[in-house]
Amino acid sequence: MKKLAALSLILSMMCGLAACGSSGGGSSEGGSDAKDEGGSDGKVSINVIAAQYGQNTKTWWEDFVKDFTAEHSDIDLTVEVESWNDIYTVVNTRISNNDAPDILNIDVFANYQADDLLLPAEDFVSKETYDKMYPAFLEQSDVDGTIWAIPDLASARALYYNADILKDAQVEVPTTWDELTEACKAIKAHDSKIYPWGIDMTTDEGQAAFAYYTWNNGGGFVDDEGNWTLNSDKNVEAIEYAVQMVKDGYTNSDPANDTRYDLQDMFGAGQVAMMIGPNSIPTYIADGGYSVNYGVAPIPTNGGVDSVSAGVMDRFMCFDNEYSDAELEAIKTFFDFFYEDERYSEWVLMEGFLPATISGGEILAKQDESMASWVDIVGSCNFYPTAKTEWDDVKQGVINVEQQALLGGNVKELLDELQNEIAE
Amino acid sequence: MKNKTFRKAEPYIWILPSIILMAVFILIPIIFVFRMSLSEVSKAGIIRGFSGFANFTKVMNSSAFKLVLRNTIVWTVAVVVLSTVLGFILALILNNEFRGRKIARAVMVFPWATTLVIQASAWKFIIDTDYGTLNTLLLRLGLIDQGINWTPTAEAYFTWEIACGIFVTIPFVTFCVLSGLQSIDTTYYEAATVDGANYWQQLFQITMPLVRSSLTVSTVLNIIYVFNSFPIIWTITKGDPANHTDTLVTYLYKLAFYNGKQGQAAAVSVIGFTILLICASVYMVYTLRKGDE
């Protein structure tokens, strides 16, 4: 009997592992269940899951809910703010339990669309609000001619350089890969303790490195028809170049583990001379108490290609929870309220992002000159092909290729393998 | 009569709440995982139908899985064995009378009482090449001129993670063994001393057999905890580079929430569950039988 009891105890303890594979718990703050149309008090309820962009996001949404409820007392709005670490777990758990949120603010949408869980954008956003969006941004959420999500904000990437280090090492800001290599050589010779070039090939954001090098070598994730071209010669050349930079000792010592935030800290502290980073770096550097003399320039390119900035865009989408007309109206009201020009500008500025609406861009460009050039950049940059359902696999796949290449793997063979896997 | 029936049922009534809790929070999720591992699951997490063992074959055919399985075995064996040996030695030391014994015992609790994520972050901060405190200390002491890269390879990272795992596991072993040591009657040692037994004879003939049950408990629990441990590896390397520091748990997390392959993640989970079930059952049955003898 004792043995039996001991074994059953062991069994129950091991279940921690088995349970781990299922739905991880999500922290919900009273998110309402499915749809409870016209609850006892006759209110229409909407629940939103929103991504936490930084320290200010939660407070911003709390104020938003207060303002919204004050103006629309007939709508019961609940907003759950989830960190980027948890949001996918929370959303997937809710979906598996038939409890999808009404509105979701996240980066990707294709998987939900592929499962027929979403409503077309034009069904849940008023025409007036829909027309505010940059068309190029809306196109990023196009599947088979229908737009399934609307952009909430964007960020763009550029080259950041430490002007003092470049001056001391007597090098100009590089515009091509050859110039970049030469600049790295000169900086290394000038001070061997400084990392001339910052590279992030981590699980966090290694796909961005893939984008920076391949796009600026005339390659990329997909061709003009949207077919995957992961193993193109241009891509192989680009990744080999990036990995060679690491092997030559021109970069941070551990690109597979140094995240962008580690690099930003090292850049702020004057330990990294140049890195590709988002438009929010100035805010990050100021918040971190760093005082580095830096400049911003286009990302260096190869083979006469025009410099391409990498854009990152997040979205709002609406799950098809079989809404009544009143509920759909409430959702439209929510978006009209969110995208009101002044409120929307506050949203974008809150964590130092870029606007996704034309009017928002105009307002911010007027307010801040440095913002104006970023608004231009974001209007013309390339985006990840997140509208394709294979994106998750491609994203993890290219990160794996980079890390395998760092460990000595053959880039061509690795990319061929990935391309075949994705094509299957 | 009524009283008799109640007395018979009483124990079951008392354990009923825990049985209900276990069923709701343990049994049902397990059934879900098993079902998911045998199903085709969409990336958004919706079950599309029965797929047999397709998830298992896909997982087992992937090159990463073999590496991850090997890592998991190395990780579990290294952490459990080394922390058990070191924890046992430490318990023997702490069982002696010496000045400051209470303080030493209190200090021992710290690594155990601190959250694993905090522990792992602290270790990461110590060994970092660029801003790590270990390099800073050595530089300040003038022992080195330039920061040393403590983690030049994936294997080096994994070794640090194992070291961190051992560090946080030792206190648990120490306290389990210590409680066993304190229950040993000192007259055994007195008798052995009179009979002329030396320290090692006493250790192997008296101490070891009498603390065996405590060691069994700590070892079995540690095998389970360490095998399932997620925070240390996730905080320090996230399994990078290219799965070289992944264990089954971090690997299945990535499969489920980074790659959207929840069916395959469930399959990995079931495989891990089976391995643990076999190991723990064999160990338990073996040691309990030996105890009965």
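What to note about this one:
- Condition met for B:Ser214 (among the small types (Gly, Ala, Ser), without any contact (Cβ under 8 Å) to a residue 40 or more places away in the chain and facing chain A (nearest Cβ under 7 Å)): no
- Answer from B:Leu27, B:Leu16 - the residue that is over 30 Å from A:Leu104 (Cβ atoms), free of Cβ contacts under 8 Å to residues at least 60 places away in the same chain and within 13 Å of chain A (Cβ to nearest Cβ): B:Leu27
Every residue, every condition in (1) at pLDDT 95 or above; (2) in a helix (DSSP H, G or I); (3) more than 12 Å from the chain's Cα centre (by Cα); (4) surrounded by 14 or more Cβ atoms within 10 Å (Cβ to Cβ), yes or no:
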{"position": "B:Gly49", "(1), (2), (3), (4)": "no, no, yes, no"}
{"position": "B:Gly52", "(1), (2), (3), (4)": "no, no, yes, no"}
{"position": "B:Met60", "(1), (2), (3), (4)": "no, yes, yes, yes"}
{"position": "B:Ala64", "(1), (2), (3), (4)": "no, yes, yes, yes"}
{"position": "B:Val68", "(1), (2), (3), (4)": "yes, yes, yes, yes"}
{"position": "B:Thr72", "(1), (2), (3), (4)": "yes, yes, no, yes"}
{"position": "B:Trp75", "(1), (2), (3), (4)": "yes, yes, no, yes"}
{"position": "B:Val80", "(1), (2), (3), (4)": "yes, yes, no, yes"}
{"position": "B:Ser83", "(1), (2), (3), (4)": "yes, yes, no, yes"}
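Table: residues versus (1) out of contact with any Asp or Glu (no Cβ under 7 Å at 6 or more places or on another chain); (2) closer than 30 Å to A:Met371 by Cβ; (3) of a type in the set (D, E, K, R).
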{"residue": "A:Arg157", "(1), (2), (3)": "yes, yes, yes"}
{"residue": "A:Tyr160", "(1), (2), (3)": "yes, yes, no"}
{"residue": "A:Ala163", "(1), (2), (3)": "yes, yes, no"}
{"residue": "A:Ala169", "(1), (2), (3)": "yes, no, no"}
{"residue": "A:Thr175", "(1), (2), (3)": "yes, yes, no"}
{"residue": "A:Thr181", "(1), (2), (3)": "yes, no, no"}
{"residue": "A:Asp191", "(1), (2), (3)": "yes, no, yes"}
{"residue": "A:Thr203", "(1), (2), (3)": "no, no, no"}
{"residue": "A:Trp215", "(1), (2), (3)": "yes, yes, no"}
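- Residue pairs whose Cβ atoms lie under 7 Å apart, sitting 6 or more positions apart in sequence or on different chains, and linking a residue in the stretch B:139-150 that is of a type in the set (Phe, Trp, Tyr) to a partner that is part of a loop (DSSP other than H, G, I, E, B) and surrounded by 12 or more Cβ atoms within 10 Å (Cβ to Cβ), are B:Trp150/B:Thr129.
- Filtered residues of the stretch A:69-91 (kept if within 14 Å of chain B (Cβ to nearest Cβ) and among the hydrophobic types (A, V, I, L, M, F, W, C)): A:Trp84, A:Ile87, A:Val90, A:Val91
- Looking only at residues of the stretch B:136-155 that are part of a helix (DSSP H, G or I) and over 19 Å from A:Thr259 (Cβ atoms), we find that the one that is farthest from the other protein chains (Cβ to nearest Cβ) is B:Leu137.
- Which numbered condition A:Arg260 fails, given (1) surrounded by fewer than 19 Cβ atoms within 10 Å (Cβ to Cβ); (2) at pLDDT below 95; (3) closer than 23 Å to A:Ala156 by Cα: (1)
- The listed residue being touching a strand residue (DSSP E or B) at 6+ places or on another chain (Cβ under 9 Å), modelled with pLDDT of 95 or more and either assigned by TED's automatic domain parsing to the domain that holds A:Ile281 or over 30 Å from B:Met36 (Cα atoms) (or both), out of A:Glu80, A:Glu139, A:Glu122, A:Glu62: A:Glu62
- Every condition in (1) facing chain A (nearest Cβ under 8 Å); (2) within 16 Å of the chain's Cα centre (by Cα); (3) surrounded by fewer than 24 Cβ atoms within 10 Å (Cβ to Cβ) holds for B:Phe273 except the one numbered (3).
- Residue in the stretch B:62-70 that is under 24 Å from A:Ser96 (Cβ atoms) and within 13 Å of another protein chain (Cβ to nearest Cβ) present: yes
- Any hit, the stretch A:151-158, residues being out of contact with any Cys (no Cβ under 9 Å at 6 or more places or on another chain) and within 14 Å of another protein chain (Cβ to nearest Cβ): no
- Filtered residue count, the stretch A:316-372, keeping only those that are hydroxyl-bearing (Ser, Thr, Tyr), over 21 Å from the mean Cα position of the chain (by Cα) and surrounded by 15 or more Cβ atoms within 10 Å (Cβ to Cβ): 3
- Residues in the stretch A:62-97 that are among the charged types (D, E, K, R) and assigned to a helix (DSSP H, G or I): A:Glu62, A:Asp63, A:Lys66, A:Asp67, A:Glu71, A:Arg94.
- Only listed residue being crowded, with 20+ Cβ neighbours inside 10 Å and assigned by TED's automatic domain parsing to the domain that holds A:Leu418, chosen from A:Asn227, A:Asn217: A:Asn217
- Within the stretch B:220-240, one or more residues are over 20 Å from the mean Cα position of the chain (by Cα), closer than 30 Å to A:Gln404 by Cβ and either part of a helix (DSSP H, G or I) or within 11 Å of chain A (Cβ to nearest Cβ) (or both).
- Every residue from the stretch A:108-133 that is in a loop (DSSP other than H, G, I, E, B), closer than 12 Å to A:Thr389 by Cβ and hydrophobic (A, V, I, L, M, F, W, C): A:Val108, A:Phe109
- For the stretch B:99-128, the tally of residues that are surrounded by 13 or more Cβ atoms within 10 Å (Cβ to Cβ), in a loop (DSSP other than H, G, I, E, B) and basic (Lys, Arg) stands at 0.
- Some residue of the stretch A:275-285 being within 25 Å of A:Leu414 (Cβ to Cβ) and of a type outside the set (S, T, N, Q): yes
- Filtered by the rule that a residue be of a type in the set (S, T, N, Q) and more than 13 Å from B:Leu178 (Cα to Cα), the stretch B:201-239 gives B:Gln201, B:Gln202, B:Gln205, B:Thr216, B:Thr219, B:Asn222, B:Asn228, B:Ser229, B:Thr235, B:Thr237.
- Test for B:Asn259: is it outside any helix (DSSP H, G or I) and surrounded by fewer than 18 Cβ atoms within 10 Å (Cβ to Cβ): yes
- Failed condition for B:Ser281, given (1) surrounded by 23 or more Cβ atoms within 10 Å (Cβ to Cβ); (2) facing chain A (nearest Cβ under 7 Å); (3) in a helix (DSSP H, G or I): (1)
- The criterion of being in a loop (DSSP other than H, G, I, E, B) and either aromatic (Phe, Trp, Tyr) or more than 7 Å from chain A (Cβ to nearest Cβ) (or both) holds for B:Gly196.
- Those residues of the stretch B:140-185 which are over 30 Å from B:Asn96 (Cα atoms) and among the charged types (D, E, K, R), in sequence order: B:Arg140, B:Asp145, B:Glu155, B:Glu161
- Selection from the stretch A:399-424 of residues that are within 8 Å of another protein chain (Cβ to nearest Cβ), in a helix (DSSP H, G or I) and free of Cβ contacts under 8 Å to residues at least 60 places away in the same chain: A:Asn400, A:Gln404
- Identity of the residue in the stretch A:92-129, more than 14 Å from chain B (Cβ to nearest Cβ) and of a type in the set (Gly, Ala, Ser), that ends up surrounded by the fewest Cβ atoms within 10 Å (Cβ to Cβ): A:Ser126
The values are calculated or read from the model by the stated rules, or taken from the named source; none is laboratory data. As the structure is a computational prediction, the values presented were derived from the model and not from experiment. No Cβ is skipped: glycine too gets one built from the backbone with ideal geometry, and neighbour counts run over all protein chains shown.
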